[in-house]
Amino acid sequence: MEKYIIKGGNPLVGEVEIGGAKNAALAILAAATMTDETVYIDNMPDASDTNAMLQAIESIGAYVERTGRHSVKINASQIRSYTIENDYIKKIRAGYYLLGALLGKYKSAGVALPGGCHIGLRPIDQHIKGFTALGAKVSIQGIIYAEAEQLVGNHIYLDVVSVGATINIMMAACMAEGKTIIENAAKEPHVVDIANFLNSMGANIKGAGTDVIRIKGVEKLHGTEYTIIPDQIEAGTFMLAAAATMGDVTVKNVIPKHLESISAKLVEMGCQIHESDDEVRVVAAKRLQNTHVKTLPYPGYPTDMQPQITVALGLASGISIVTESIFESRFKYVDELTRMGANIKVEGSTAIIEGVERYTGATVSAPDLRAGAALVIAALTAEGYSTIEDIKYIQRGYEDFEVKLRELGAQIELVDDDRDIQKFKLKNA
Ligand code: UD1
């Protein structure tokens, strides 16, 4: 079982190149099955979730060729099955994007119920409501099936702002007959990226990035070449790591606008932020100050950045309050953080944080992807050695996490067993 061993105490300093957005990539890979022509995708992150999605579409007959570490060529003209229930798909929550994509193109789709991080109930009723409104019959028997003679555009009002439902309905609707309007749509950067990708294939989608998306169905989509946007959450994670370790880090190849809610919080916490066209530099020259944070749909502060800021606020002066309003079970990592010396009380969806001067190293286990990354940040600041277990969660969404951190001066290594841990300790004593 791979683990990270970390010796804390070094401020992160330097530059880090941010990869393509994992959550955009997952939906774009599903959407790539909606044309018989070849699709070339660039800036594809090499993370275990995106690799599982590539294997999933390959397993139903798509031709997949990695033309470089971050580029892939896909031709889905030979898809032979619209039902997918293998291990690849069960690993990832975003497998459900194949429902919208296959339903749109083939009017028939079956996908095993979504896996993914255990951060709350995560229902998919809004996806189903959307498919049904477009004329599909949806049934669930371990696998979710959606089928239609013909999809017909409709006016759909989402009861909750859902990234997944917005994207899934958008994919199905772009090959439906007539017009679809999605109201109360999610506005996250990757919703826009998937709309741009589909439009580059000949879809007619307008308004992505606002809460009303208008789609005119087309009969056919064609091949394209497309570059995925930078990962907002990977960038934000390094920004918070810089702040928590009292470092000075420039995140490169980012869209600063996507990071505004994170930058704004860092300024409140006393960091300096310098933005340029495609870079953001975070300088933390003095102890962080307390602040309050509430997670919200975009452009609010992202739920996927909640554990990272909680870890940083755990070291800030004064009392901070973090309210999680998207997923109900997203504070499970706090128990682990407490074992590193944090003083945090969770009451329902609120964490009350009394900052401590320093965390102390411990063996902790990553309960999910973003919380795992946050525990790594905690360990980077901690006195002594920490071991982070269950890093398979972190690997779902971060490419070369430990390599990038090491390049910023962190003492971190990916190890397999206790002998490697001893070696690391001798080397870094
Ligand atoms: C996506 C992201 C995830 C991120 C989340 C919120 C991917 C693969 N994952 O997840 O990393 O944390 O957006 O930014 O892109 N809901 C319903 N019914 C539904 C769908 C959602 O009630 O049918 C609720 C959820 O329980 C949650 C809220 O809506 O409370 C938002 O969820 P949603 O935006 O759908 O998250 P995901 O698309 O699953």
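List of remarks:
- Residue within region 132-148 that is surrounded by 15 or more Cβ atoms within 10 Å (Cβ to Cβ) and touching a Lys or Arg at 6+ places or on another chain (Cβ under 6 Å) present: yes
- Residue satisfying all of: in region 1-27; assigned to a loop (DSSP other than H, G, I, E, B) and within 21 Å of the chain's Cα centre (by Cα); nearest to the ligand (Cβ to nearest atom) among these: Ala21
- Criterion (free of Cβ contacts under 8 Å to residues at least 40 places away in the same chain and touching a strand residue (DSSP E or B) at 6+ places or on another chain (Cβ under 6 Å)) met by exactly one of Lys90, Lys129: Lys90
- Of the strands (runs of 3 or more DSSP E) lying entirely inside region 28-125, the ones with 1 or more residues being farther than 24 Å from Glu399 by Cβ and of a type in the set (A, V, I, L, M, F, W, C) are found at 108-112.
- Boolean, Gln272 is under 26 Å from Met170 (Cα atoms) and in contact with a Leu (Cβ under 9 Å, 6 or more places away or on another chain): no
- Any hit, region 298-305, residues being touching a Pro at 6+ places or on another chain (Cβ under 6 Å) and either surrounded by fewer than 23 Cβ atoms within 10 Å (Cβ to Cβ) or closer than 20 Å to Arg396 by Cβ (or both): no
- Pick from region 153-172, criterion free of Cβ contacts under 8 Å to residues at least 40 places away in the same chain and crowded, with 17+ Cβ neighbours inside 10 Å, ranking: nearest to Thr295 (Cα to Cα): Ser162
- Qualifying residue in region 257-271 (condition: among the hydrophobic types (A, V, I, L, M, F, W, C) and farther than 19 Å from Thr310 by Cα): no
- The set of residues from region 394-429 being at pLDDT below 95 and of a type in the set (Phe, Trp, Tyr) comprises just one member, Phe424.
- Across region 173-188, the number of residues qualifying as more than 25 Å from Lys137 (Cα to Cα) and buried (at least 21 other Cβ atoms within 10 Å of the Cβ) comes to 1.
- In region 343-368, the residues that are under 20 Å from Ile5 (Cβ atoms) and of a type outside the set (Phe, Trp, Tyr): Arg358, Thr360, Gly361, Ala362, Thr363, Val364, Ser365, Ala366, Pro367
- Any hit, region 37-44, residues being touching a His at 6+ places or on another chain (Cβ under 6 Å), within 18 Å of Phe401 (Cα to Cα) and either within 13 Å of the ligand (Cβ to nearest atom) or touching a residue at least 60 places away in the same chain (Cβ under 8 Å) (or both): yes
- So Thr210, is it among the hydroxyl-bearing types (Ser, Thr, Tyr), at pLDDT 95 or above and in the same structural domain as Asp400 (by TED's automatic domain parsing): no
- Qualifying position, being of a type in the set (Val, Ile, Thr) and under 26 Å from Thr237 (Cβ atoms), among Ile18, Ile74, Ile57: Ile18
- Boolean, Ala56 is hydrophobic (A, V, I, L, M, F, W, C), at pLDDT below 95 and within 16 Å of the ligand (Cβ to nearest atom): yes
The values are calculated or read from the model by the stated rules, or taken from the named source; none is laboratory data. Computed from a predicted structure; not experimentally measured. All Cβ positions, even for glycine, are placed from backbone atoms using ideal geometry, and neighbour counts span all protein chains on display.
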